[in-house]
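As structure tokens, the structure follows; a few thoughts come after it.
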Amino acid sequence: MSGPAAISDGPYENVTSLFGEGWEHLEAPPAEADVWDSPIPLGQARALPPFPVDALPTWMAEMVAAVAEETQTPADLGGSVGLSVLSTACGGRAVVAVRGRWREPVNLYTVTALPPGNRKSAVFAELTRPLLAVEKVLIEQSGAVRAEAETTAKLARSAAEKAAARAANAEPEQREQLTREAIELAEAAEETAVPARPQLVADDITPENLATMLDEQGGRAAVLSAEGGIFDIIAGRYSGTPNLEVFLKGHAGDMLRVNRQGRDAQFLEAPAVTMGIAIQPSVFRDIAKAKGFEGRGLLARFLYSMPRSLVGFRNLTPELIPEQVAETYTKTLGTLTLAMSGWTDPAVLTLTPEADAVLLAHQQATESRMRPGAALAHIDTWASKLDGAIARIAGLLHLATHPADGWTLPIAADLMTAACRIGDYYTAHALVVFDAMGNDPALGKARIVMAHLETVGATVISKRELFRGLPRGEFRAVADLDPVLALLEEHGWIRQEAPPVRTGKGGRPPSPRFQTHPTLAQTPRQNLQN
């Protein structure tokens, strides 16, 4: 059998080429470009949305904008105070029937953080002035009733005391009859109630006095203050121990019983507390450390606002509040407050089917954002109350839009949409505030890692190399990096490479390696947190 024929070295002029002309000059195709998506920013210096003033009823939106202009303050402050003012007027006097047995009272807790010198007191004064005017009217209107009740009570007590004296001094055959009469008169005197002097707004008040105010004012009270001292009081400035009960139940509308030595028991079936507070940003860190605030859920009840200060950029000759705007605001808020003041059993506000659909869509979005690793997972306690707060805001916007007869009309879809916009505003700010309060420990450590990656400028780094360059006070073991690396990967700042194929047996497995986003080596550090 013969072998294969020898192949000639050429030439091969009669062979057709498998390649087109010029193929010898072609270059190999470039490797696919390493594409990165834009990373999600970290840190509390992120851009925050402004308060959606146009979501408020026109009469209030115009006043909030005018006050912000004259005082040269962020409209966020006026917007939150405006909602607190509406809550003061309507809280405890209306509930929103959301779906099934789900009911939301319309009282709110808001807190706005601004540094000193931002004219917080001026904003509070302008927006709460009509409430104080209504309070004065209510005091005058109730004057005759209170005077009559006081006189009746005095006469009843006097008659009971005289009857008791007659029974005590009576002959035996008359004592039984006179004793019965004295008891009846004593019971009548006990049942003669004297109405308290009306009070809509408090400022510096202890939890014990707030419970008393609720008892006297039909279960409704508002704490509106341009200072954050109320948080010190809640934390136990005077008592030494936190007293959260009245604030927790006053937000939810849960039954409250107060029994104190030497005092009559106080029973509040459905208390409604409003809180509208302005504080300095540093207070957020202080209240986060206060015993019981987070564990009992008090912090989850507040709607947070952290606007940018305008100090240093203010117009020194601003437009003043137009008289017509101020008059309309005063008249409309006064009408609403007086109309709601007479309600003892709260008005029940219903939703149109369209409004219910708007709220349901927002609920679905909120629910998905609370899943593990999602945007609201680390503040799920707060986020779980978000849609209830939106329903409350919708109720307030509805009553403010129809101040004379809102309780006869269902809440429309456009007002629920406006309430959702306001809820989204508070969500964005809550993420920053809870970050400032240290609610997500991995976030602070993520900043440390990002700063280190920027410093070394590595495009690829192993987990072990990264650990060696980090401070041991923050990262005591390599495993401490796991939640931080997961967070950075979720935000698109790093991505893990596929592990190399291992050819041998035994030995320590290679440390995971991570690619870093190009901007970590190219962008100045201050831009990373914008």
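Values in this text are rule-based calculations from the coordinates and carry no lab data. Model, not experiment: these values are computed from the prediction. We place every Cβ from the backbone using ideal geometry, glycine too, and count neighbours over all the protein chains shown.
Straight Cα distances below 19 angstrom link K162 to the aspartates and glutamates E150, E171, E173, E176, E181, E184, E187, E190, E191, with same-chain residues fewer than 8 positions distant left out.
A straight Cα-to-Cα reach below 13 Å connects K331 with the aspartates and glutamates E323, residues fewer than 8 places away in its own chain not being considered. Rg/Rh for the stretch 140-191 stands at 1.20; both radii use Cα atoms, and Rh follows the Kirkwood definition.
In terms of other Cβ atoms within 10 Å, S341, S305, S38, S142 run from fewest to most in the order S38, S142, S341, S305. In this simple spin-label approximation, D345 and W36 carry label points 7 Å from Cα along the Cα→Cβ vector, and these lie 6.4 nm apart. The stretch 336-353 and the stretch 459-489 have their alpha-carbon centroids 56 Å apart. Each of V325, V273 has some number of other Cβ atoms within 10 Å of its Cβ, and from fewest to most they run V325, V273.
Taking a straight Cα-Cα cut-off under 14 Å and skipping sequence neighbours fewer than 8 places away in the same chain, the aspartates and glutamates within cross-link reach of K249 are E104, E208, D215, E269. Given R0 = 51 Å, the distance between the Cβ atoms of Q280 and E173 translates into a calculated FRET efficiency of 0.10. Simple spin-label estimate for A477 and S158 gives 8.1 nm between the two label positions (7 Å along the Cα-to-Cβ direction from each Cα).
Shown in residue order for the stretch 201-213 are the 3J(HN,Hα) couplings computed by the Karplus curve 6.51 cos²θ - 1.76 cosθ + 1.60 at θ = phi - 60°: 10, 10, 10, 8, 8, 7, x, 5, 5, 5, 4, 5, 4 Hz (x for Gly and Pro).
Assuming R0 = 25 Å, can you tell me the calculated FRET efficiency for the pair D254 and K136, based on Cβ-Cβ distance, to the nearest 0.05? Approximately 0.20, to the nearest 0.05. Placing dummy labels 7 Å off each Cα toward the beta-carbon, the span from R464 to A196 is 6.9 nm.
May I ask you to derive the FRET efficiency for D414 and E208 from their Cβ-Cβ distance with R0 = 30 Å, giving the value to the nearest 0.05?
Working from the Cβ atoms, E equals 0.10.
Going from the residue with the fewest nearby Cβ atoms within 10 Å to the one with the most, T328, T317, T58, T71 rank T317, T58, T328, T71.
Compared with the direct C-alpha span, the chain from Q364 to D380 gains 4.4 nm at full extension, assuming 0.36 nm per residue. From the alpha carbon centroid of the stretch 133-161 to that of the stretch 400-415 is 35 Å. Remark: the stretch 52-197 projects, on average over all directions, an area of 15.2 nm² (convex hull of Cα atoms).
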